[in-house]
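Before any comments, here is the structure.
The values are calculated or read from the model by the stated rules, or taken from the named source; none is laboratory data. Predicted model only: the values in this text are computed from it and were never measured. Every residue, glycine among them, receives a Cβ derived from its backbone with ideal geometry; neighbour counts consider all protein chains shown.
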Amino acid sequence: MRLLVVNPNISEEVTDLIRAEAERSAGPSTELTVCTAPRGVEYIETRFESLLAATAVAEVIAEHCGEVSGIDGVVVAAFGDPGMPALKELVDVPVIGITEAALCAAALQGHRFSIIAISDRITAWYRDCVERFGFGSRLASIRSIKEALRGIGSVQDDFRPTLVELARLAVAEDGADVVILAGAPLAGLARDVASEIPVPVVDGIGAGVRLAEAVVGLRSGAHRAGSFAAPPPKRRAGLSPALDAALDAAQLAVQGQPPVAAPSAAGSV
């Protein structure tokens, strides 16, 4: 199984954290290709920044998911799932966001869950995402770091005690049965602090990789009708060659014709 894991942030430090946790989480037969968005912002904190990231992620997916590359599934590795669920319309392999994966994993382990976030500004967008995925009634709270970040790659080192305390408060005061440590900058932290938090702790990257493996393994088939089918054919302009070709291939697949491999400049990452 080959999974494409895309960091929608432009920070290579965050990509390194994502790669490390994805490799720890993946099954022994899973091959990972981990990429960083070619443009956007250092870390996504608002709805508009998510909008900026969405097309960049779509282009990365289009470049890697041609017939030749053999990608079996995609993980969008930023909490808030930039471009999701719309990215499910682009290719006929499963596309899983780490938010939807973390929410599903939390819902399987408890009734109510809390999200621990790296900034106050990010919480409104996260709440929107929880509602969009249909888990609003299960959300106990969103607690966040109140201080300015020194650097996006050092959040775990700088705020580890704060993050643990926020998680404990979510359990004690908000009634959380499960805690989600939200965001790619926190990738891998759940493993380190699980013994300090009295409920299950979910890591979005780990949940994204493991649930992507599960969904690929189900072999449920592609969206050839319904709201997640490929966008209908129409005149387009200004798209990258890879994205243009991916849309053509998706539309041919809906019509039952063999897909044409998208041109790809992507190599091994």
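Numbers at a glance
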| quantity | calculated |
| --- | --- |
| Residue in region 205-244 that is nearest to Leu3 (Cα to Cα), counting only those that are not in a loop (DSSP other than H, G, I, E, B) and not hydrophobic (A, V, I, L, M, F, W, C) | Glu213 |
| Listing of strands (runs of 3 or more DSSP E) fully contained in region 90-144 that carry 1 or more residues being under 23 Å from Val6 (Cβ atoms) and under 17 Å from the mean Cα position of the chain (by Cα) | 95-97, 113-117 |
| All positions within region 31-49 that are in contact with a strand residue (DSSP E or B) (Cβ under 9 Å, 6 or more places away or on another chain), β-branched (Val, Ile, Thr) and over 21 Å from Ser154 (Cβ atoms) | Thr33 |
| Test: residue in region 18-41 that is under 18 Å from Leu90 (Cβ atoms), surrounded by 15 or more Cβ atoms within 10 Å (Cβ to Cβ) and of a type in the set (Lys, Arg) | no |
| Every residue from region 134-163 that is in contact with a strand residue (DSSP E or B) (Cβ under 9 Å, 6 or more places away or on another chain) and not hydroxyl-bearing (Ser, Thr, Tyr) | Phe135, Arg138, Leu139, Ala140, Ile142, Arg143, Ile145, Leu163 |
| Matching residues in region 100-137 - criterion: being of a type in the set (D, E, K, R) and surrounded by fewer than 17 Cβ atoms within 10 Å (Cβ to Cβ) | Asp120, Arg121, Arg127, Asp128, Glu131, Arg132 |
| Which numbered condition Pro185 fails, given (1) at pLDDT 90 or above; (2) not assigned by TED's automatic domain parsing to the domain that holds Phe159 | (2) |
| Residues that are farther than 18 Å from Arg168 by Cα and touching a Leu at 6+ places or on another chain (Cβ under 7 Å), drawn from region 111-131 | Val130 |
| Matching residues, region 2-49, being among the acidic types (Asp, Glu) and closer than 11 Å to Ile205 by Cα | Glu21, Glu23 |
| Answer residue from region 83-99, given it is in contact with a Phe, Trp or Tyr (Cβ under 8 Å, 6 or more places away or on another chain) and surrounded by 24 or more Cβ atoms within 10 Å (Cβ to Cβ) and is nearest to Ile18 (Cα to Cα) among those | Ile98 |
| Residue among Gly80, Gly70 that alone is assigned to a loop (DSSP other than H, G, I, E, B), on the phi > 0 side of the Ramachandran plot, in contact (Cβ under 8 Å) with a residue 12 or more places away in the chain and surrounded by 24 or more Cβ atoms within 10 Å (Cβ to Cβ) | Gly80 |
| Residues being touching a Gly at 6+ places or on another chain (Cβ under 9 Å) and on the phi > 0 side of the Ramachandran plot - total across region 169-184 | 1 |
| Leading residue by the ranking (farthest from Val91 (Cα to Cα)) among those in region 197-247 that are within 15 Å of the chain's Cα centre (by Cα) and aliphatic (A, V, I, L, M) | Val202 |
| Contacts under 7 angstrom Cβ, first residue in region 153-179 being outside the structural domain of Thr15 (by TED's automatic domain parsing), partner of a type in the set (Ser, Thr, Tyr) and surrounded by fewer than 16 Cβ atoms within 10 Å (Cβ to Cβ), 6 or more apart | none |
| Pairs with Cβ under 8 Å, 6+ apart, first in region 222-236 and without any contact (Cβ under 8 Å) to a residue 12 or more places away in the chain, second of a type in the set (D, E, K, R) | Arg236/Asp244 |
| Test result for Ser154, polar (S, T, N, Q), closer than 21 Å to Leu103 by Cβ and out of contact with any Leu (no Cβ under 6 Å at 6 or more places or on another chain) | no |
